[in-house]
Amino acid sequence: MNWVYPIAKGLFEPDRDISPGENLFFKLFELFILCYTIKFCFEWAHYTQIRNVDVVLPLGVANYIDVSLFFDNYLSYLIAVSILLFSVMAFFRKGPNWHYIVVILLFHLLYVIRFSQGEIPHSQNLIGLSLLCFAVGLVWYPDNKTMPRFIIGSILFFIGLGYTSAFIAKLIGTGFHWFDGRHLWLWISEKSIDILSREGVYQPNFLQSLALSSVGVASIILLIGWFTEFIGFTLWWPKLRPFTTTLLIAMHIGITLTMNIRFDAFVIQLILIGYPWYKILDIYFKETPAWVVKTL
Amino acid sequence: MKQTELKSGMKIIGVIFLVFVFTVATHDGEFWPFSIFPMFSKAGNPWTRAMVLDVTNLENEELWKIHSLNERSAAAISLRKQGVDQIDFSNFVSKTNHWSETRTNALLTMFDNEVPQERQWMIAKVRGELDQEDLITVQIHPLFLLSNDRIIRNPLLDDSHYFLREE
């Protein structure tokens, strides 16, 4: 299909040679995913063990199995420790190449155990999605020259798709008037209760005060954010990627300021994957470091 | 990357994409880590959250009254300081329609039975909406009183407020 080729070319950049900087960047990016995976796992396991009591909202496989079985007896910790062992082995390429598949399955299980309390957070989605791409890439591309390109390309594909699908979801869910500033007023008031409840005090910041002072200003804020989501798919092409990434990061900062929702892992991952960092690394590394060659 | 690898790469992405579409289509848009990111897709709807208020010093007649956020005289308890995830708590309270004994006692467990001696904490739903004059109105609806390891329902509300439907 003719229309697929430009997307494939943008994602995998077949005309560009693989460089030492690219290999090093790939491994550092994998380390970032590994660290956040371990961080999330132990946070979720700890919270599950001390707080989860009843399943309020079954997500994913929790629709088919009773995940409350994992609330006690340190079973959530057992899953977290298993993820730690398998992911570290996968990172160092010790043992079979399906370790990341075990990691993503256990990671999904731990997510639905931890977040069975009613809230559906999304700030961990990019880490999970990246792990999935690593799992698939390592199994289907045992040739390590091609594998990093496939993994980074597929992650970029699903990040771009996610933003654009969020734009479409708003269009279908509400319609063209989604960007009406009064909607932002409602969200700001809702999130102000979350902050008041979390901290015991709440004061609107400058941007919130500005949005609440005028429906026009609030509408412009929403419209800019919505447009930025729409162009998410342009991440698929390397020439547009840095510009889109910058807009997406600005959008996330805007969401944090207006609605007090933080996307730390999301934003760090965008910063890592949205810019051609390998070009800087190539200046300092003329050969791929030995530890990267061993673990690629 | 060779042409054949380019094609196989897109085929694999295509297969993952189909799995993505199938799982989110059959699970209300969410099958982690797949998501269509539907948050904020339905704009303009009234919302319900929850909070905990220190009502120790309130008179009995004030205790259970529905009141606006602006009229609030009781201090909000910081859930972060209690080690409770505020979003979880809010969803637990706002999305529970059938307050069974297990669910009710889960609130005590959530706070680890740590309401200080001689203190009274009120668990309240907080509802917000846009009124006809384009103003945001936020109202506090007292739901449960926590004190001395006990939990008491709002006597001004009948059973229908606690058992909206069977789950």
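Derivation of every value follows stated rules applied to the coordinates shown; laboratory data play no part. What you see is a predicted model; the values in this text were computed from it and never measured. Please note: Cβ atoms are built from the backbone with ideal geometry, for glycine as well, and neighbour counts cover all protein chains shown.
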Potential lengthening between A:Leu171 and A:Asn63 on full extension [0.36 nm per residue; Cα-Cα distance subtracted] | 36.1 nm
Translational diffusion of segment A:24-76, µm² s⁻¹ [Kirkwood Rh, Cα pairs; Stokes-Einstein; 4 °C; 1.567 mPa s] = 101 µm²/s
If R0 is 25 Å, what FRET efficiency do you get for B:Leu164 and B:Gln139 from their C-beta distance, rounded to 0.05?
-> 0.90
Any residue on another chain or 5+ positions along whose placed amide H is under 5 Å from the amide H of B:Arg119 is listed here as B:Asn148
Mean 1/r over all different Cα pairs, inverted: what Kirkwood radius does segment B:1-141 give, in Å?
-> 19.0 Å
In terms of modelled amide H atoms, which long-range or inter-chain residues lie less than 5 Å from the amide H of B:Ala50?
-> B:Val126
Could you work out how far the C-alpha centroid of segment A:120-176 sits from that of segment B:32-69, in angstrom?
-> 33 Å
Please name which of A:Leu184, B:Ile151, A:Leu110 has its Cα lying farthest along the dipole of the protein assembly as shown towards the positive end, using unit charges on Cβ (Lys, Arg +1; Asp, Glu -1) and the Cα centre as origin.
-> A:Leu110
Could you work out how far apart the two model spin labels at B:Arg150 and B:Ile66 are, taking each label as a point 7 Å from the Cα in the direction of the beta carbon, and quote it in nm?
-> 2.7 nm
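Determine the calculated [θ] at 222 nm for the protein assembly as shown from helices alone, applying -39500 (n - 2.57) to every DSSP H run no shorter than 4 residues and normalising by the residue count; nearest 500 deg cm²/dmol.
Calculated at 222 nm, the ellipticity per residue is -17500 deg cm²/dmol.
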Label-point separation, A:Leu78 to A:Val217 (7 Å along Cα→Cβ), nm = 5.5 nm
Equivalent-ellipsoid semi-axes (√(5λ), Cα gyration tensor) for chain A, whole Å, largest first?
-> 33, 28, 17
What spacing in nm lies between the two simple spin-label points modelled at A:Leu240 and A:Ile253, each 7 Å away from Cα in the Cβ direction?
-> 2.3 nm
Given springs between every Cα pair under 10 Å in a Gaussian network model of chain B, which of B:Val52, B:Val19, B:Val138 has the largest fluctuation?
-> B:Val19
Roughly how many Å is it from the Cα centre of segment B:90-128 to that of segment A:1-65, as a whole number?
-> 35 Å
Report the full-extension gain for the segment A:Asp143 to A:Lys39: residue separation times 0.36 nm, less the Cα-Cα distance, to one decimal in nm.
-> 34.5 nm
Please report how many Lys pairs in chain A have alpha carbons closer than 20 angstrom, counting only residues at least 8 apart along the chain or sitting on separate chains.
-> 17
Return the single residue from A:Gly137, A:Gly274, A:Gly181 with maximal mean-square fluctuation; model: Gaussian network over chain A, springs between Cα atoms under 10 Å.
-> A:Gly181
Given the options A:Ser197, A:Ser87, A:Ser214, state which has the largest fluctuation in a GNM of chain A using a 10 Å cut-off (strictly under) for Cα springs.
-> A:Ser197
So between A:Val4 and A:Tyr284, what do we pick up on full extension, going 0.36 nm a residue minus the alpha carbon distance?
-> 97.3 nm
